[in-house]
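The values are calculated or read from the model by the stated rules, or taken from the named source; none is laboratory data. Remember, it's a predicted structure, so these values are computed and weren't measured experimentally. Cβ: placed from backbone, ideal geometry, glycine included. Neighbour counts: every protein chain shown. These accessible areas exclude ligands, DNA and RNA; they are computed on the full protein's heavy atoms, side chains included. Shrake-Rupley method; radii C 1.70, N 1.55, O 1.52, S 1.80 Å.
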Amino acid sequence: MDLCCIDDFEEHAKKVLPKNALDYYRSGAASQLTLQLNIEAFQRLRIRPRVMRDVSNRSLSTSVLGHQVSLPVGVAPTAMQRMAHAQGELANARAAGKCGTIYVMSTLATSSLEEVAEAAPDTIRWFQLYIYKNRKLTAELVRRAERTGWKALVLTVDAPVFGVRYADARNKFKLPPHLRLANFEGMLADKITSAKKISGLNEYVNDLFDDTINWKDVSWLKSITKLPLVLKGVLTPEDALIAADLGIEAIVVSNHGARQLDTVPASIEVLPSIVSAVGGRMEVYLDGGIRQGTDVFKALALGAKMVFMGRPALWGLAHSGQKGVERVIDILRNEFDTALALTGCTSVKDIRKEMVVHESEYSKL
């Protein structure tokens, strides 16, 4: 394989994916300012390496919700992965498992909970969940996740409605007719294969998602399962504190891949204030803009326990299925390992907050 970085895989994906799928995967909300910020905010952070330390024996492993992972990079939930490769979610989950990390599957998957569980029985699997207007449907998804060995629920809390996505509106995005939302039956599975006025996904969400959801629904969800509950989409210390007070086990600092509300901050920009606010009461993860091993290092230095990447795994899928995702993870693993060595660290525990500063502050040191 002659692709050596995440950008190479993205460039390849641009050449091979149909426009409908490519635009869906890569686009952000509205003018896509936050989509740019997710990348640029990492570039504005400077690493302060320490030298002349013995780094000959390094470990990238960490513990997340009690599970040991080989590196602090997991696969974030992205919808409809069979648009990228025929094996879709099955290949992605297998790759995460083979690389010793966590796979998070979207509710809006083109493979079912049961199919992925059977295909990747040894992978640490978390299930991303939306709360539907039909609470019985939501509860049944939870029961199915429990029956098939999923280890945590990841509730997306930043999507009572879906964001304005111009590319999908222009394309009248819809799922190709040979695919379906495999966790559902009937209209719930097939509705997204058509689009009347706007994106088929937005029409699906507008009809079926519940825009009345609030913190009481988080408590309800927590009450019906013994699985750990992770809240994905927190961008303020205020909401993080509410989650902590409810006994939530973890949060993902996330702006939904910049696909919901444009002009919100990059995830990495708000991470330090959120970590400071919760004060170790829960685990804090981050997604959004992870493209290099140095991004992983910066996120951990600013308080994240783990990071998750979504689009890079899709680019890997588009290249060569499971092998492509494995290669993407291995690229990030090697780059992160190199960052550890060149900053004088031998493990994630050696990474300190003072090792990363914003460019505007660097001259003051």
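Observations
- Residue among D54, D211, D330 with the largest mean-square fluctuation in a Gaussian network model of the chain, springs linking Cα atoms under 10 Å: D54
- Accessible surface of the stretch 10-121, 1.4 Å probe, proportion on carbon and sulfur as whole %: 48 percent
- Taking the 1.4 Å solvent-accessible surface of the stretch 270-336 as the whole, the part contributed by carbon and sulfur is 44%.
- Environment charge at I268 (Cβ cut-off 11 Å; Lys +1, Arg +1, Asp -1, Glu -1): -2
- Computed helical MRE - 222 nm, the chain, DSSP H runs ≥ 4 contributing -39500 (n - 2.57), nearest 500: -12500 deg cm²/dmol
- Note on the chain: antiparallel DSSP beta bridges, both residues inside, total approximately 20 percent of the bridges counted.
- Computed lengthening from K133 to D245, 0.36 nm per intervening residue step minus Cα-Cα distance: 37.8 nm
- Label separation (W215 vs E354): 3.6 nm, computed from points 7 Å beyond Cα along the C-beta direction.
- Using the Cβ of L332 as centre and a radius below 9 Å, the other residues enclosed give a net charge of -1, where K and R count +1 and D and E count -1.
- Accessible solvent surface per residue of the stretch 62-109, calculated while the other protein chains remain in place, 1.4 angstrom probe, Å²: 22 Å²
- In the stretch 237-350, a dipole from Cβ-located charges (positive for Lys and Arg, negative for Asp and Glu) runs towards its positive end, and of S320, G303, L340 it is S320 whose Cα lies farthest in that direction.
- Contour excess over end-to-end distance, with Cα ends at E40 and H178 and 0.36 nm allotted per residue: 45.9 nm
- Of all aspartates and glutamates in the structure, the ones whose alpha carbon falls short of 15 Å from that of K232, not counting any fewer than 8 places away in one chain, are D158, D217, E249, E283, D287.
- Positive-end extreme of charge dipole, the stretch 158-286 - chosen from P176, V278, V234 (charges on Cβ): P176
- Highest-fluctuation residue, M282, M309, M355 considered, GNM on the chain with Cα pairs under 10 Å: M355
- Lys/Arg +1, Asp/Glu -1 at C-beta; the stretch 1-113 dipole; positive extreme among H12, I39, V55: V55
- Most mobile listed residue (G247, G186, G149) in the chain, GNM with C-alpha springs under 10 Å: G186
- Highest mean packing first, where packing is the average number of other Cβ atoms within 10 Å per residue, the peptides 268-280, 133-145 line up as 268-280, 133-145.
- Relative contact order [Cα under 8 Å, 6+ residues apart], the chain, whole percent: 26 percent
- Per residue, the stretch 215-310 exposes 34 Å² of solvent-accessible protein surface, assessed with a 1.4 angstrom probe and all protein chains in place.
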